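Peer 1: Sharing a structure below in structure tokens format, with a few things to ask.
Where a number appears in this text, it was derived from the coordinates with a stated rule and is not lab data. Note that the structure is predicted; figures quoted are calculated from it, not measured. As a convention, Cβ positions derive from the backbone with ideal geometry for all residues, glycine included, and neighbour counts pool all protein chains shown.
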Amino acid sequence: MFTRAETPLLVSTLSVSWFDTNCTIVSNYKVNRTLYLQGRCLAEGRISTIPIMLEPLRGDRLRVGWNRDPIQEMQRCR
């Protein structure tokens, strides 16, 4: 079984998925280069609304804020 750190973050125009959570984007706004999303998410059979932050860094790096958890830095999969 994979952990959250081992699971890719998948982002499309209308959705975001990570680990065991699938979200439909219901609202968004951008401040400078940082994108703030509100996701309507299904995880473990429960629906909730969570905040998601995506901040591109140099190269293939991305800072991710997920549901008020500590911000993580991720790298693009190749």
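Peer 1: Could you tell me whether the chain comes out rounded, prolate or oblate from its Cα gyration tensor? Rule is a ≥ b ≥ c as square roots of the eigenvalues, rounded for a/c under 1.5, then prolate if a/b exceeds b/c, otherwise oblate. Kindly include the intermediate steps, with their values, before the conclusion.
Peer 2: Values: a/c = 1.82, a/b = 1.14, b/c = 1.59.
Cα axes put the chain in the oblate bin.
Peer 1: Oh, and also: Using θ = phi - 60° and the Karplus curve 6.51 cos²θ - 1.76 cosθ + 1.60, what whole-Hz ³J(HN,Hα) does each residue of the stretch 31-37 get, with Gly and Pro shown as x?
Peer 2: After applying 6.51 cos²θ - 1.76 cosθ + 1.60, I find 10, 6, 9, 8, 9, 10, 10 Hz.
Peer 1: Further question: List, in order, the whole-Hz ³J(HN,Hα) value for each residue of the stretch 16-23 obtained from phi through the Karplus relation with A = 6.51, B = -1.76, C = 1.60 and θ = phi - 60°; use x for Gly and Pro.
Peer 2: Whole-Hz 3J(HN,Hα) from phi for the stretch 16-23: 9, 10, 7, 6, 10, 10, 10, 10.
Peer 1: Along Cα→Cβ, 7 Å out, is where each label goes; now give me the distance between the ones at Y36 and D60 in nm to one decimal.
Peer 2: 3.0
Peer 1: Calculate one ³J(HN,Hα) per residue across the stretch 40-45 by plugging θ = phi - 60° into the Karplus curve 6.51 cos²θ - 1.76 cosθ + 1.60, and present them in order as whole Hz with x for glycine and proline.
Peer 2: 8, 10, 10, 9, 6, x
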